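Shown next, in structure tokens, is the structure this report addresses.
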Amino acid sequence: MIEDKNIIIELKDVYKSFGKHDVHKGINVKVPQGGITVILGPSGTGKSVLLKEMMGLLLPDKGEVFIEGVDITKASKVDLVNIRKKFGMLFQNAALFDSMTVYENVAFPLREHTKFKESKIKELVIEKLRLVGLNNVEYKLPSELSGGMRKRVGLARAIVLEPKIILYDEPTTGLDPIMRDVVDDLIYSTQKKLNITSVVISHDIDSAFKIADYMAMIYDGKTVLNETKDNFKNSDNPYVQQFINGSKDGPIKMF
Amino acid sequence: MDKILTIIGAPFLNMASGSGKFFLLFIESIVWLFRPPFRWKQLFKQIEFIGANSISVIILTGTFTGMVFAFQSYIGFHKFGADYMVGTVVGLGMARELGPVLSAIMVAARAGSAITAEIGTMKVTEQIDALHSLAVDPVQYLVTPRILAGLIVMPLLNSIAVFCGVVGGYFVGVKILDINKTLYLQYMYQYVDLSDLYNGMIKSIVFGLLLTLVGCYKGMNTEGGAEGVGKATTESVVLACVLILVFDYILTAFMF
Ligand SMILES: Nc1ncnc2c1ncn2[C@@H]1O[C@H](COP(=O)(O)OP(=O)(O)O)[C@@H](O)[C@H]1O
Ligand SMILES: [Mg+2]
């Protein structure tokens, strides 16, 4: 069990369906402040939906979502906007604004929420792009970039305001092994340097164990286990073991 | 029995909840007009896109409509020896009816569809979610500037259409059909009032609102990938055109 102190995000008994498709059937996740929580689970189990519920982009049908103790499922539109300012989010497919250049994409949050001068904005944008390993792409459009590059631009955009909580939806999927390591490292060092809270969705069990402080596993719309990394690793839960070992035999059915 | 009721009732319920959502979007976008920050850059971009880029289409549509209208009305008036009435009919028809309706339909086809395609693509590629996640309201950022641009631009485009129609009608009437120039102009000035132009202007403002609002509404509610975007775009043009014609009737009934 994760201790009840310093919980920054908590989902309590969350249910969510799209039409007849029940995606969440009782999700419980606690995210402690100031660490990296990695959420694992086979694809299609609603991990992206889970992240969207955390910042109120989707509302659960039932259940509560607490951000620093405030239930955002009951928050007003204005409160929700203010709560979202605490977050940065990297979308699974980056969700870059395709009518804007890379530079304008990363500068967008700065222009919207700060009064920085253009010179300062430029400095920050270039700095963040360097941080994710991108050079000389500032004036390209997202359509001119590879999938991995788009993802890194999305990452730069998500961290440029240095938010309190950063949500990463499969930040390393589709990257080459070296870039994967760079991004893992970036997530890790950003978290340590700024003492923020990170939630990372991942498929990659090795990198998950490398960066995580806490872990959660989702399967069939429910939380299988939400634990500290060590307890998670040593758990004898058959679902967790099957996922860690990457075996096709076990309680998790892929169809 | 229940099943039959469900089958018959569903489209009506969908329509009711649809028009409710449509109306809410309208209210929301108007509210954002009065709340900072105001998006000047977006507004100018949309004025250029909806307005400036439509001018050539509007010139062509207006001119040819006026020309055809002159020919058609000539056939009737010639039988009564009232050839010179062609100018009056072309002027009235263009100002009150054809100018506003045809320019709005052309802009719905050109810009309304593009608005739906653009916003719809943003919806299905999660760019709308990305705006939310960056604490920027998509209605304020995307919808309000487009609706405002539609309101500003349509009456101007309408003026161009009416002007071109009248010029086209004059060309056909006087130069091709050889109607007496003085009489043609005299009767046109006499029977076409400024109030006829105002009526048309009011219509085109309403149409400008309708076609941009429909474009945004269909875009914001797009679902289902690239296919969904195509479907939403088609629906947007059809709905905009139908609403333009329905509101044309309502406005005409009210104003005349
Ligand atoms: N906006 C939506 N409308 C309808 N169905 C959705 C929507 N978002 C997600 N889903 C469905 O929910 C399920 C879980 O999706 P997702 O969270 O993307 O899975 P994961 O990220 O774990 O791979 C999928 O079957 C998907 O089709
Ligand atoms: Mg996903």
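Per-structure values
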| quantity | calculated |
| --- | --- |
| Long-range neighbours under 6 Å by Cβ, at least six apart or interchain, first residue within 14 Å of another protein chain (Cβ to nearest Cβ) and more than 9 Å from ligand 2 (Cβ to nearest atom) within region A:39-53, second aliphatic (A, V, I, L, M) and in a loop (DSSP other than H, G, I, E, B) | A:Lys52/A:Leu58 |
| Residue in region A:137-144 that is within 16 Å of ligand 1 (Cβ to nearest atom) and either touching a helix residue (DSSP H, G or I) at 6+ places or on another chain (Cβ under 8 Å) or more than 14 Å from every other protein chain (Cβ to nearest Cβ) (or both) present | no |
| Helices (runs of 4 or more DSSP H) wholly inside region B:77-157 containing at least 2 residues that are within 21 Å of B:Val31 (Cα to Cα) and either away from every other protein chain (no Cβ under 14 Å) or modelled with pLDDT of 95 or more (or both) | B:113-124, B:127-133 |
| Residue match in region A:191-203 (condition: touching a helix residue (DSSP H, G or I) at 6+ places or on another chain (Cβ under 7 Å), surrounded by fewer than 21 Cβ atoms within 10 Å (Cβ to Cβ) and at pLDDT 85 or above) | no |
| All positions within region B:182-214 that are at pLDDT 95 or above and polar (S, T, N, Q) | B:Ser204, B:Thr212 |
| Any hit, region A:34-50, residues being assigned to a strand (DSSP E or B), closer than 27 Å to B:Met122 by Cα and away from ligand 1 (no atom under 15 Å from the Cβ) | no |
| Given (1) part of a helix (DSSP H, G or I); (2) more than 14 Å from chain B (Cβ to nearest Cβ); (3) under 22 Å from A:Ile201 (Cα atoms), number of the condition A:Ile121 does not satisfy | (3) |
| In region A:156-181, the residues that are within 14 Å of another protein chain (Cβ to nearest Cβ) and more than 16 Å from ligand 2 (Cβ to nearest atom) | A:Ala156, A:Arg157, A:Ile159, A:Val160, A:Leu161, A:Glu162, A:Pro163, A:Lys164, A:Ile165, A:Ile166 |
| Matching entry among A:Asn82, A:Asn105 (being within 10 Å of chain B (Cβ to nearest Cβ), part of a helix (DSSP H, G or I) and in contact with a helix residue (DSSP H, G or I) (Cβ under 7 Å, 6 or more places away or on another chain)) | A:Asn105 |
| Flag for A:Arg150 being assigned to a helix (DSSP H, G or I), touching a helix residue (DSSP H, G or I) at 6+ places or on another chain (Cβ under 7 Å), within 16 Å of ligand 2 (Cβ to nearest atom) and modelled with pLDDT of 90 or more | yes |
| Residue in region A:93-100 that is hydroxyl-bearing (Ser, Thr, Tyr) and within 11 Å of chain B (Cβ to nearest Cβ) present | yes |
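The values are calculated or read from the model by the stated rules, or taken from the named source; none is laboratory data. These numbers come from a predicted model, not from an experiment. Note: ideal-geometry Cβ built from the backbone for every residue, glycine included; neighbour counts use all protein chains shown.
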